[in-house]
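The values are calculated or read from the model by the stated rules, or taken from the named source; none is laboratory data. Quick caveat, the model's predicted, so the values are computed rather than measured. Cβ atoms come from the backbone with ideal geometry, glycine included; neighbour counts cover every protein chain shown.
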Ligand SMILES: C[S@@+](CC[C@H](N)C(=O)[O-])C[C@H]1O[C@@H](n2cnc3c(N)ncnc32)[C@H](O)[C@@H]1O
């Protein structure tokens, strides 16, 4: 069966010839350019994502989550900071060698000064966070690997920011990544995610084109409704202070893995 008709993916037909996750060299992710474009200063969309995510973590008592996941962590430290009060162990799962090097350096030598405004915001929203960013990151373990390496049911909470839709052009593969994300938590576990809305394949700096599939709220509901309970999808307006990635905004998701075996988990 060809890719145009295969599977139950929610995306449009015509993913024939789509670039898949393995077709990109994630070891060569352009860390410096990506940080310069997205995370060297606090953008309005970061404030929106942090507020959204912090609201979920605030509902978790300090130290109440034994083990949490940041799937496809990349060089972004703010999702890791946000988990710093509630989680006793944060696994930053990441396949790319350059990202792994950056994360390990941040943990070993202390975070770059540019992360301080992010941390101040996180802590102002969640006073249970410790005084310093370095302390909040103390329980982070960098775990080399991909979504395929996840053991189902391992985590109390899984977080994923700009990954499933930003690493493949194939909607079936997007769906499989989301399914692995859901399965990574124990039954009843919490899910927290951000997605670029309708972003096509994109460039960072002057580098190569990275594969992406444009998703919207309907796609997210189609993928997550059968796999989760309490699904909530909201959106942030497009942030014009970021480079033009072709997106129309950011979609934010919270949900839970169902308590009992029920809907298909793929
Ligand atoms: C657009 S970046 C997002 C990075 C980061 N999460 C953020 O918030 O900026 C996509 C990340 O997904 C990682 N990635 C690519 N394929 C993956 C896979 N199969 N499983 C897990 N992560 C993957 C990449 O190495 C990269 O760090």
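Of everything listed in (1) assigned to a helix (DSSP H, G or I); (2) within 12 Å of the ligand (Cβ to nearest atom); (3) closer than 25 Å to residue 90 by Cα, the single unmet condition for residue 173 is (3). Among the conditions (1) surrounded by fewer than 24 Cβ atoms within 10 Å (Cβ to Cβ); (2) touching a helix residue (DSSP H, G or I) at 6+ places or on another chain (Cβ under 7 Å); (3) not in a helix (DSSP H, G or I), residue 84 misses just one, which is (1). Return yes or no: is residue 182 surrounded by 20 or more Cβ atoms within 10 Å (Cβ to Cβ) and more than 21 Å from residue 240 (Cβ to Cβ)? Spelling it out, residue 182 is indeed surrounded by 20 or more Cβ atoms within 10 Å (Cβ to Cβ) and more than 21 Å from residue 240 (Cβ to Cβ).
Checking every residue in the stretch 49-68 against the condition of being under 21 Å from residue 147 (Cα atoms), assigned to a loop (DSSP other than H, G, I, E, B) and in contact with a helix residue (DSSP H, G or I) (Cβ under 9 Å, 6 or more places away or on another chain) gives zero matches. So, of the residues in the stretch 125-144 that are in contact (Cβ under 8 Å) with a residue 60 or more places away in the chain and in a strand (DSSP E or B), which turns out to be surrounded by the fewest Cβ atoms within 10 Å (Cβ to Cβ)? By that ranking, first place goes to 142. When we screen 257, 235, 240 for residues that are closer than 22 Å to residue 69 by Cα and either at pLDDT 95 or above or within 16 Å of the chain's Cα centre (by Cα) (or both), the only hit is 257.
Against the list (1) within 14 Å of the ligand (Cβ to nearest atom); (2) in a helix (DSSP H, G or I); (3) under 15 Å from the mean Cα position of the chain (by Cα), the condition residue 100 fails is (3).
Looking across 27, 38, one residue alone is surrounded by fewer than 18 Cβ atoms within 10 Å (Cβ to Cβ), under 24 Å from residue 145 (Cβ atoms), at pLDDT 95 or above and near the ligand (Cβ under 10 Å from one of its atoms). It is 27. Going by what's in this entry, would residue 92 be described as surrounded by 21 or more Cβ atoms within 10 Å (Cβ to Cβ), outside any loop (DSSP other than H, G, I, E, B) and within 13 Å of the chain's Cα centre (by Cα)? The answer is yes for residue 92.
Scoring residue 168 on the criteria (1) under 15 Å from the mean Cα position of the chain (by Cα); (2) not in a loop (DSSP other than H, G, I, E, B) leaves a single failure, condition (2). If the condition is being in contact with a helix residue (DSSP H, G or I) (Cβ under 6 Å, 6 or more places away or on another chain) and either more than 13 Å from the ligand (Cβ to nearest atom) or assigned to a helix (DSSP H, G or I) (or both), then the stretch 176-195 contributes 177, 178, 180, 182. Considering the stretch 145-162, the residues that are assigned to a loop (DSSP other than H, G, I, E, B) and crowded, with 20+ Cβ neighbours inside 10 Å include one that is nearest to the ligand (Cβ to nearest atom), namely 162.
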